[in-house]
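Worksheet: one structure, shown below.
The values are calculated or read from the model by the stated rules, or taken from the named source; none is laboratory data. Bear in mind that the values here come from a model prediction, so they are computed numbers and not experimental data. Here Cβ is always computed from backbone atoms with ideal geometry, including for glycine, and neighbour counts include all displayed protein chains. SASA here: full protein model, heavy atoms, side chains in, ligands and nucleic acids out. Shrake-Rupley method; radii C 1.70, N 1.55, O 1.52, S 1.80 Å.
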Amino acid sequence: MLNGHTTLITGAGSGLGAALAQRFAAEGSNVVLVDIDEDKAAAVAAALPPDKTLAIGADVRDTDCMKAAAAKAVATFGGLTTVIPNAGIWDYNRSVTRHNGHELSDMFDEIFAINVKGYLLTIEATWRYLIQSRGSIVMTLSNAAFYAAGGGPIYTASKFADRGMLLQFAHELAPKVRVNGVAVGGMRTDLRGPSAIGLKERSFSDSIDRWGSSNPYIPLHDISTDPKHFAGPYVMLANPTEAGNITGAIINADGGIAARGFRSSAGGDEL
């Protein structure tokens with residue numbers, strides 16, 4: 001579906017980003033894997049066609065890093081067709097009742113710098129190339145962009161902010177660039193927490209392991225938590241034939257939360 005495309009993915013060294021890199025490569029796209037850990041990105045790229053992949057180490061919080069990554073991608077493959085802002089961290093449902101103001105402030109700064117500013121700077125570094133290709137942006141959102149209990153107040157706020165940016169960019173970059181998103185549910189990834197509260201080494205897959213073979217919080221509780229099973233909507237939205245008239249839209253790939261909401265608290269704190 002994506003022959004001749006070039007796709008840049010942030011947070012591509014593990015989890016959903018790695019799964020997206022694998023799927024987009026399988027669909028024929030050149031893939032630029034951007035991750036703060038270049039070794040991780042290179043390890044994912046090593047399993048993909050070498051003439052169609054490029055691994056770059058870059059911090060999404062640094063505009064110079066992101067502009068250099070975008071320029072290198074264009075120099076290597078001749079342009080950019082799709083950009084997927086995907087790098088992020090989670091707050092592990094940390095309630096406002098659990099931390100003092102200093103801790104919340106530090107956590108806010110770290111989460112927003114990666115989850116929100118990182119998306120902003122990724123798009124700022126690439127939009128000019130997407131104008132030239134009449135390409136698209138597909139943002140990774142979350143069920144937390146729509147509902148409570150998908151994270152604590154800071155993570156939820158960051159994803160609502162991303163949702164707002166998506167709509168604004170869909171307006172600003174039309175008619176030449178389509179901007180859409182996929183609001184994913186919980187999956188088995190190496191998603192980390194804020195270093196500000198000592199959760200940098202904690203992996204979201206640890207939380208998934210406690211569910212056993214299913215997710216008890218959603219209607220489709222037996223849905224796979226393998227990241228590769230979330231990649232389809234991204235491919236569809238990136239394809240100009242399949243989604244050429246879609247912009248400002250979000251596909252909810254969360255197991256049907258809208259049908260019933262979370263069945264019970266997903267591990268959040270209680271007063």
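Among the conditions (1) touching a Ser or Thr at 6+ places or on another chain (Cβ under 8 Å); (2) on the phi > 0 side of the Ramachandran plot; (3) not small (Gly, Ala, Ser), the only one that residue 112 does not satisfy is (2).
Scanning segment 45-92 for residues that are open to solvent by less than 20 Å² (accessible area, probe 1.4 Å) and assigned to a helix (DSSP H, G or I), we see that the one that is farthest from residue 178 (Cα to Cα) is 45. Filtered by the rule that a residue be part of a loop (DSSP other than H, G, I, E, B), open to solvent by 10 Å² or more (accessible area, probe 1.4 Å) and modelled with pLDDT of 95 or more, segment 127-166 gives a lone residue, 134.
Can we say residue 100 is polar (S, T, N, Q), touching a strand residue (DSSP E or B) at 6+ places or on another chain (Cβ under 8 Å) and open to solvent by 10 Å² or more (accessible area, probe 1.4 Å)? So residue 100 fails the test.
For segment 35-46, the criterion of being closer than 24 Å to residue 244 by Cα and of a type outside the set (Gly, Ala, Ser) is met by none of the residues. With respect to the conditions (1) open to solvent by 10 Å² or more (accessible area, probe 1.4 Å); (2) touching a helix residue (DSSP H, G or I) at 6+ places or on another chain (Cβ under 7 Å), residue 105 lacks only one, and its number is (2). The condition of being open to solvent by 20 Å² or more (accessible area, probe 1.4 Å), of a type in the set (Phe, Trp, Tyr), in contact with a Lys or Arg (Cβ under 9 Å, 6 or more places away or on another chain) and in contact (Cβ under 8 Å) with a residue 40 or more places away in the chain does not hold for residue 169.
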